[in-house]
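Shown next, in structure tokens, is the structure this report addresses.
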Amino acid sequence: MSTKFQKAVDIVNALPKDGAIQTTNDEKLKFYSLYKQATAGNVDTERPGMFEFTAKAKWDAWHAIKDKPKDEAKAEYVDALKDILKKNGSGDAEKFIKQIDEA
């Protein structure tokens, strides 16, 4: 699963902001929280202050999945990306799905 996870991370990081495959803010938070849980484990910092909106949203998303095993977080990350790609249905999306499956 680690190879598929790393391929999925590489794909998400390489998606152009104005490209054909777009993610919502909620999807971005999901990727962030699953990535952090998969790589660092449970959140180990204090919740950001009230005026740090983005940092607080990221912390809340990560904290919401505390105690999720790292391998489960990796699998969910891969599945979440593949779901987005399948909905997109573009040629690039199909290419990315194939790259993940072959990893």
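The values are calculated or read from the model by the stated rules, or taken from the named source; none is laboratory data. Given the structure is predicted, the values throughout are model-derived calculations rather than measurements. Cβ sites come from the backbone with ideal geometry, for glycine too, and all protein chains shown count toward neighbours. Only protein heavy atoms, including side chains, enter the accessible area calculation; ligands, DNA and RNA are left aside. Shrake-Rupley method; radii C 1.70, N 1.55, O 1.52, S 1.80 Å.
Give me the helices (runs of 4 or more DSSP H) completely within the stretch 1-76, filtered to those with at least 1 residues that are in contact with a Pro (Cβ under 6 Å, 6 or more places away or on another chain) and at pLDDT 95 or above, ordered by residue number.
Numbers: elements: 2-14, 25-40, 53-63.
Those helices (runs of 4 or more DSSP H) span 53-63.
Where residues in the stretch 61-75 are within 15 Å of the chain's Cα centre (by Cα) and acidic (D, E), which of them is most open to solvent (accessible area, probe 1.4 Å)?
Only one residue tops the list, namely D71.
Looking for something buried (at least 18 other Cβ atoms within 10 Å of the Cβ), of a type in the set (F, W, Y), in contact with a Ser or Thr (Cβ under 6 Å, 6 or more places away or on another chain) and more than 21 Å from T3 (Cβ to Cβ) - is there at least one such residue anywhere in the stretch 51-59?
Within the stretch 51-59, the first condition is being buried (at least 18 other Cβ atoms within 10 Å of the Cβ), and the residues that meet it are 58-59.
Next cut, of a type in the set (F, W, Y) only: 59.
Restricting the remaining residues to those that are in contact with a Ser or Thr (Cβ under 6 Å, 6 or more places away or on another chain) gives none.
Checking the stretch 51-59: not a single residue is buried (at least 18 other Cβ atoms within 10 Å of the Cβ), of a type in the set (F, W, Y), in contact with a Ser or Thr (Cβ under 6 Å, 6 or more places away or on another chain) and more than 21 Å from T3 (Cβ to Cβ).
Please indicate, with yes or no, whether at least one residue in the stretch 85-94 is in a helix (DSSP H, G or I), aliphatic (A, V, I, L, M) and farther than 23 Å from T24 by Cβ.
no
Part of a loop (DSSP other than H, G, I, E, B), in contact with a helix residue (DSSP H, G or I) (Cβ under 6 Å, 6 or more places away or on another chain) and open to solvent by less than 40 Å² (accessible area, probe 1.4 Å): does that describe I100?
Details: part of a loop (DSSP other than H, G, I, E, B): no; in contact with a helix residue (DSSP H, G or I) (Cβ under 6 Å, 6 or more places away or on another chain): yes; open to solvent by less than 40 Å² (accessible area, probe 1.4 Å): yes.
When the stated conditions are applied, I100 does not pass them.
Among the residues of the stretch 40-47, is there at least one that is of a type outside the set (A, V, I, L, M), surrounded by 12 or more Cβ atoms within 10 Å (Cβ to Cβ) and without any contact (Cβ under 8 Å) to a residue 12 or more places away in the chain?
Keep residues of the stretch 40-47 that are of a type outside the set (A, V, I, L, M), which gives 41-42, 44-47.
Now drop any that are not surrounded by 12 or more Cβ atoms within 10 Å (Cβ to Cβ), which leaves 41-42, 47.
Okay, now just the ones that are also without any contact (Cβ under 8 Å) to a residue 12 or more places away in the chain, so none.
The answer is no; no qualifying residue exists.
Testing V12 on (1) open to solvent by 30 Å² or more (accessible area, probe 1.4 Å); (2) free of Cβ contacts under 8 Å to residues at least 24 places away in the same chain, one condition comes back false. Which one is that?
(2) is the only condition that V12 fails.
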